Structures are given as structure tokens and as C-alpha cells.
1. Only one of these conditions is not met by residue 192: (1) at pLDDT 95 or above; (2) in contact with a helix residue (DSSP H, G or I) (Cβ under 9 Å, 6 or more places away or on another chain); (3) within 17 Å of residue 154 (Cβ to Cβ); (4) surrounded by fewer than 19 Cβ atoms within 10 Å (Cβ to Cβ). Which number is it?
2. Return a yes/no flag: does the stretch 335-342 have any residue that is touching a helix residue (DSSP H, G or I) at 6+ places or on another chain (Cβ under 7 Å), touching a residue at least 24 places away in the same chain (Cβ under 8 Å) and not in a loop (DSSP other than H, G, I, E, B).
3. Can you give me the number of residues within the stretch 403-418 that are in contact with a helix residue (DSSP H, G or I) (Cβ under 7 Å, 6 or more places away or on another chain) and either over 16 Å from residue 358 (Cβ atoms) or not assigned by TED's automatic domain parsing to the domain that holds residue 391 (or both)?
4. Determine which single condition residue 150 fails, assuming it passes every other condition in (1) over 16 Å from residue 197 (Cβ atoms); (2) touching a residue at least 24 places away in the same chain (Cβ under 8 Å).
5. Being surrounded by 14 or more Cβ atoms within 10 Å (Cβ to Cβ) and under 23 Å from residue 187 (Cβ atoms) is the filter here, so list the residues in the stretch 225-236 that pass it.
6. Restricting attention to the stretch 221-241, does a residue exist that is more than 28 Å from residue 88 (Cβ to Cβ) and in contact with a helix residue (DSSP H, G or I) (Cβ under 6 Å, 6 or more places away or on another chain)?
7. Condition (residue is surrounded by fewer than 16 Cβ atoms within 10 Å (Cβ to Cβ) and either closer than 25 Å to residue 28 by Cβ or within 18 Å of the chain's Cα centre (by Cα) (or both)) applied to the stretch 275-285: is it met by at least one residue?
8. For residue 311, work out the one condition from (1) modelled with pLDDT of 95 or more; (2) not in a strand (DSSP E or B) it doesn't fulfil.
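The values are calculated or read from the model by the stated rules, or taken from the named source; none is laboratory data. Nothing here was measured: the structure is a model prediction, and the numbers come from that model. Here the Cβ positions follow ideal geometry from the backbone for every residue, glycine too, while neighbour counts run over all protein chains shown.
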């Protein structure tokens, strides 16, 4: 008789948990995975995928406007929000079914229930109060929207979760937040025709990104009519029937049809029974504390993805899940390298970035060269749209290694994914310069910038 019911019990059917379950099952492990909501997790169901679909949909308004410069006469177009929602729901249902099928084909078993840890080798399924013993437990529950401190009227505020299911497009919306989600939805709603106001407590949006990127994105968003108010916060929300009044810390107020908070996400660690097994929480970020192999403070319990609050990106969770399965069931230690992770913000304009910002590089290296250019994209020369692309390389002036690449403009994410390979391989600026340009493209600027626009040399201490 087997000592445990299963070899691996995975809590959470998102991208990371699913990858871990499939790979472990492929190694011959007996795997059970519990998901209380829908297979696919945040990214597939109410995150990256539906968001990107909304972003694509919101672009068509600009495309139709730009068409005139190329000789097209387009009759006045109309947009139907319910059609977008229905088609999005259909695609998400297809993806959820694919996730379920792939897990089942791998040999892993799916249970639709919330799972709570009873001890280091036992979980309880709340759906039927059934206990399952497992040699290993993997926590992959992700994160959840965080509205911050409670304020009067907080119950009237929606998160990105609810934004995907609104019955109608708001004519006016106030969005608090200055990061990925806030700016992406600002562009989405503005693209569909909403009047958008962004509220952010800091001095500028996109905290943690390169300063030139932050300034450029803000300028481009404001050109599109999006109002960005920084240095203030929402302190109260009043509801008047179907309308809202948002009161700000600077004493002003804004009327709207919807109020959305996108100020961050917190690890989904509540009510998991972590204390029953003695699983430690990282005091710095509130996520489950893990080592380089995603092992928690308990030998039999691991955690991956956003619940650890390390690098909250879907591809990172997938890589961590795969590495976990390789290490524990493939009998070969695989450690995820979290350096030089490319990331994108599907704002409008789009941001793609990999590596160090200028500020980070100057703090770590004695000699830093900056190569930066802004230019009007070829499409805008005919459409007449007032927009510019930003491209920036951060280079170690001593070794010539490219430390960071930052792009703002159409296709930034696609270009950055490829550039990330070169940056990860420690390519030099000379390698970029030796690459023949592909013309006419925006990306050719990355291999044609020859003269530094700034050079920072730290003086040695006397």
C-alpha cells in the first residue's frame, strides 16, 4: 500500500501550477491539482489574455482614424461592448477547456474544490470534506487585487477582475494606480471612447521603470486625451444612483460612471492553512518564503509564482513550475535564473523592457553609456498622428556589454522578446553595431545608434 494518496498535490490551476502538474505527471508522478474557480488561473481567465484581447480591440479606433492618411474613406464606425464581452468569454472558455484537457492528458487528476493544508503532507478538499495525503504539496494560488487601506465608499470600487464583465462601457472612468494594470486599462477604455482619468500617488507613473520610459509614456498618453493626476490619492467615493463622485487628497473631485482601483496585487495566502504546517511568510513582501528551488520552510511544501511575490509574471511562474518538477521528480536540480527577465506593459503606447534602467546601471557600474533616440514612426508620417517612438540602450562603458534595452512604441513587446536573448547572452554594443539593419523598421534604430547621448563616469574616491 502506498504511503501517500498522491506523490504531488498542487493547489491552484493557473499557468504555474498546471505546468508543474503536467511535467511531474510526465515523470511518472501521481498528481492531483485543485482549482476552486476556473482552470487557467488569473492570466488566462481574468488577466493577461483577456486584457490583450481588449487592448487589440481598442486599437481599431486609431487604425480607422489613421486609414484616411493612406487614402481610405471609412464610414462612421460603431462599437458594441456586449459583443466584445461575449466574444472574449467564448475565447476564454476555449482556453480553459484546453488547459483542462492538457492536464488530464498528462495523467494528472483535477478536482474542483478549494484545498486547505492540514499538515505537511495532508490537504483537505472543502467541496466534500475529503482529506488527501501527498508526499509533496505545491502552492500555486497566485495573487489577488489589493484595494489598499479602507476608505469611505470602497465598496463602490471595482478591480480589473470586474472590468472584464461590465455590462456596458463607462462613458467616464476614474482609475487609481500607475502600474501595468492601471495604464493598460486606461488605454483600453480610452481606445473604446471613454473619458479616462488616472490617479497616482507618486510623482510619475510606472514606478521602477526607466525614467525616460516613464516620461515618454505619460506624454504620449496625455496626447491621447487621458488625464493623469499624480501626487494625490482617492480618499472617498460617493455613489449617486449610477454615477460616482471620487474625492481626492488634493481637495478636488471627479464625476464618473465607474471607479476602478489597480494599485497592486497581494499574494493569495489567506485561509490556506499555512500555519497548520508551519509554512513561513516572507516579512518583506507578504508572500510565501522560498529558497532558490521554490522550497518553503517546510521540506515537503513548495510554492511558485505570484504567491511568492518574487517576480509576478506568468512566464516566470511557468518556468518555476517546470523547474520544480524537474528538481523534485526529474531528479535533476534546476534553479530558475531571475535575472534579465523581459517584461511588457500593454499600455498605449506599448512598453518593452529588459535589463537595467539607467538609474540602476549607474548605481552598479562606474562607467555607463546611454544610447537614446526618439523618432516619428513611418506610419505617422502618412497618418498625421502626433506620436513618437523611444528606444534606449544602457551600456557598461568599461566592457561594452548591453545592460538594458527600453522601447516605447508599437510592437515594443515583440522586439524586446528577441532583444532579451542578446542581453541574456551578454551581447556587447559592438555586437549590436555589427548587425546589419533591417530596413525600413523601427527596430533598426537599435543597431544604428553609434554615438552615446550621455556618458556617466563615476569619479574614484580620493
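1. Among (1) at pLDDT 95 or above; (2) in contact with a helix residue (DSSP H, G or I) (Cβ under 9 Å, 6 or more places away or on another chain); (3) within 17 Å of residue 154 (Cβ to Cβ); (4) surrounded by fewer than 19 Cβ atoms within 10 Å (Cβ to Cβ), residue 192 violates only (3).
2. The answer is no; no qualifying residue exists.
3. Start the filter on the stretch 403-418 by keeping residues that are in contact with a helix residue (DSSP H, G or I) (Cβ under 7 Å, 6 or more places away or on another chain), which leaves 403-408, 415.
Adding the requirement that they be either over 16 Å from residue 358 (Cβ atoms) or not assigned by TED's automatic domain parsing to the domain that holds residue 391 (or both) leaves 415.
The qualifying residues number 1.
4. (2)
5. The first filter runs over the stretch 225-236 and keeps only residues surrounded by 14 or more Cβ atoms within 10 Å (Cβ to Cβ), leaving 226-230, 232-236.
The answer is 226, 227, 228, 229, 230, 232, 233, 234.
6. For the stretch 221-241, residues more than 28 Å from residue 88 (Cβ to Cβ) and in contact with a helix residue (DSSP H, G or I) (Cβ under 6 Å, 6 or more places away or on another chain): absent.
7. There is at least one residue in the stretch 275-285 that is surrounded by fewer than 16 Cβ atoms within 10 Å (Cβ to Cβ) and either closer than 25 Å to residue 28 by Cβ or within 18 Å of the chain's Cα centre (by Cα) (or both).
8. Going through (1) modelled with pLDDT of 95 or more; (2) not in a strand (DSSP E or B) one by one, residue 311 breaks only (1).
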